[in-house]
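Accompanying notes for the structure given below.
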Amino acid sequence: ERFTCKDQKISENFYVRGDGTRAFYFSNEFLTSLFEENGFHVEELGLCCKQVENRSRELVMNRRWIQAVFRHSDDASSSSSMEASVKIDLPGEEYIEPKVRENTLTEVVNNFDVDMSEGVAVDMFGISPSNDNETVVVNLGESNYKIEVLSKEYQHTCKSTGLMLWESARLMASVLAGNPTIVAGKTVLELGCGCGGICSMAAVVSADLVVATDGDTNALDLLSRNVNSNIKPPFLDKLITKRLQWGNRDHIEAIKEINNRGFDVIVGTDVTYIPEAILPLFATAKEMISSKGGITVDWAPALILCHVFRRVDEPSILSAASKFGFRLVDKWHAGTPSNQSKSIINSWFSENAFKDCIPSTALNIMYFQIE
């Protein structure tokens with residue numbers, strides 16, 4: 001059903017996925033009928049479930065496949081048999097006990113905790129963890145960035161959200177690229193930038209200093225590669241990547257050594273989806289933001305958050321913000337027509353230059369300043 005509405009059907013039960021691979025959906029009855037029509041009868045047929053884990057990359061993949069034993073009718077009396085193992089991807093993670101001999105598949109099915117070494121991955125599923133990244137091209141005005149991210153094949157089972165490129169980051173990067181005055185001549189800190197760091201890359205063109213941070217070391221390693229492959233001197237000299245777990249005193253002090261006067265602009269994209277992380281987020285932002293005032297509201301130090309509301313709603317965010325002295329100065333919702341008031345955020349979109357850069361009508365931007 002999810003493929004049908006996207007015009008991805010090739011033929012009956014045969015579809016093309018978004019990454020160009022093909023998927024054929026079938027039932028146990030279909031498989032049984034197929035073999036019986038070719039002179040085989042079923043001895044064993046069961047659905048196997050296995051959770052495969054790549055601990056080094058924090059990937060968990062739920063694999064489900066059919067394993068069966070068919071015997072050719074002409075060889076029914078023979079001790080030899082023909083085994084056929086067919087793997088298919090099915091939704092869900094529940095365990096389904098296959099009806100097989102106790103000494104054949106039980107050990108395979110019950111072995112859920114597997115350290116997925118490269119050899120195991122190739123032998124079992126024909127994939128290699130070393131080739132699990134893909135390149136996404138991001139166009140920001142006249143600049144094109146080639147960002148290496150985790151392949152879509154693994155994104156839905158990856159524990160680290162920092163290895164993906166989120167829609168909010170695309171929007172905010174487009175805003176910064178199209179409105180360089182937001183960060184021109186200022187110091188910028190990006191919180192939870194993940195492996196992409198495209199907001200930091202867009203900001204460094206105009207800013208005096210940009211520090212891109214994330215708490216995930218795997219995301220930081222990929223971020224460093226992306227920064228070095230896309231940004232050249234002299235801009236590269238102004239963009240620093242650092243590890244920052246919100247609330248971690250050592251990490252905060254390490255960044256203060258780079259810039260002890262605080263940051264004029266702090267940006268965070270899709271960093272508000274975990275309830276337990278909201279208070280540490282604003283606590284860290286309070287420590288990092290500059291205490292100096294501005295001539296006008298739009299020149300005063302600001303915390304800009306762009307996100308889709310998921311597990312944390314707006315009142316919860318505002319409550320956490322107020323505890324650390326932040327007040328909401330302006331907000332914007334992609335699904336609401338812009339009014340004609342001269343708000344800070346609306347001015348970023350006044351020329352309709354970003355009509356094609358808004359990937360989702362669920363996106364929101366919140367603009368905070370210190371009381």
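The values are calculated or read from the model by the stated rules, or taken from the named source; none is laboratory data. Being a predicted model, the structure only gives us computed values, none of them experimental. Heads up, the Cβs are rebuilt from the backbone with ideal geometry, glycines too, and the neighbour counts pull from every protein chain shown. Surface accessibility is based on the protein's heavy atoms, side chains included, excluding ligands, DNA and RNA. Shrake-Rupley method; radii C 1.70, N 1.55, O 1.52, S 1.80 Å.
Would you mind computing the Rg to Rh ratio of the range 165-226 from its alpha-carbon coordinates, Kirkwood style for Rh?
Rg/Rh for the range 165-226 comes to 0.96.
I'd like the accessible area for S290, computed on protein heavy atoms only with a 1.4 Å probe and all protein chains in place. Round to 10 Å², please.
Probe radius 1.4 Å; accessible area of S290 about 10 Å².
Skipping prolines and chain starts, which residues have an amide H placed within reach, meaning under 5 Å, of the one on I240, given they are 5 or more residues away or on another chain?
V210, V211, A212
Between A23 and H72, with labels modelled 7 Å along Cα→Cβ, what's the label distance in nm to one decimal, could you check?
3.5
How much of the accessible area of the range 188-238, probe 1.4 Å, is carbon plus sulfur, in whole percent?
Carbon and sulfur: 53 percent of the exposed surface of the range 188-238.
The range 186-271: which trypsin sites (Lys or Arg not before Pro) are DSSP loop and have at most 13 other beta-carbon atoms within 10 angstrom?
Here the sparse-neighbourhood loop sites are R261.
What whole-number value in Å² describes the accessible area per residue of the range 167-228 for a 1.4 Å probe?
Numbers: 1500 Å² over 62 residues.
Ligands and nucleic acids excluded, the figure is 24 Å² per residue.
Given R₀ = 30 Å, FRET efficiency for E371-R243 by Cβ-Cβ distance, to 0.05? Kindly include the intermediate steps, with their values, before the conclusion.
Numbers: r = 30 Å, r/R0 = 0.98.
The value I calculate is 0.50.
If you count only protein heavy atoms and use a 1.4 Å probe, how large is the accessible surface of Y273, to the nearest 10 Å²?
Probe radius 1.4 Å; accessible area of Y273 about 70 Å².
Residue by residue through the range 231-237, what is 3J(HN,Hα) from phi via Karplus (6.51 cos²θ - 1.76 cosθ + 1.60, θ = phi - 60°)? Round to whole Hz and write x for glycine and proline.
10, 10, x, x, 5, 4, 5
Roughly how many Å² of T32 are accessible to a 1.4 Å probe, to the nearest 10?
Near enough 30 Å² of accessible area.
Compute the length gained on full extension between D221 and L328: take 0.36 nm times their separation in residues and subtract their Cα-Cα distance, giving the result in nm to one decimal.
Stretched out fully, the D221 to L328 stretch lengthens by 35.1 nm.
Report, to the nearest whole %, how much of the accessible area of the range 241-319 belongs to carbon and sulfur atoms, 1.4 Å probe, protein only. Provide the component values of the computation, followed by the final result.
Working: 1920 of 3830 Å².
About 50 percent, which is the carbon plus sulfur part of the accessible surface.
Could you work out how far apart the two model spin labels at A184 and D313 are, taking each label as a point 7 Å from the Cα in the direction of the beta carbon, and quote it in nm?
4.1
What order do T241, T217 take when sorted by accessible area (1.4 Å probe), most exposed first?
T217, T241
Projecting each Cα onto the charge dipole of the range 176-281 (Lys/Arg +1, Asp/Glu -1 at the beta carbon, about the Cα centre), which of C195, I274, P180 comes out farthest on the positive side?
Result: P180, furthest along the dipole toward the positive end.
Of K186/K286; K238/K292; K186/K232; K9/K159, which ones are farther than 24 Å apart at the Cα?
From the list (K186/K286; K238/K292; K186/K232; K9/K159), the Cα-Cα distance tops 24 Å for K9/K159.
Starting from the Cα of E153, step 7 Å along the direction of its Cβ; do the same at K292; then give the gap between the two resulting points in nm.
5.1
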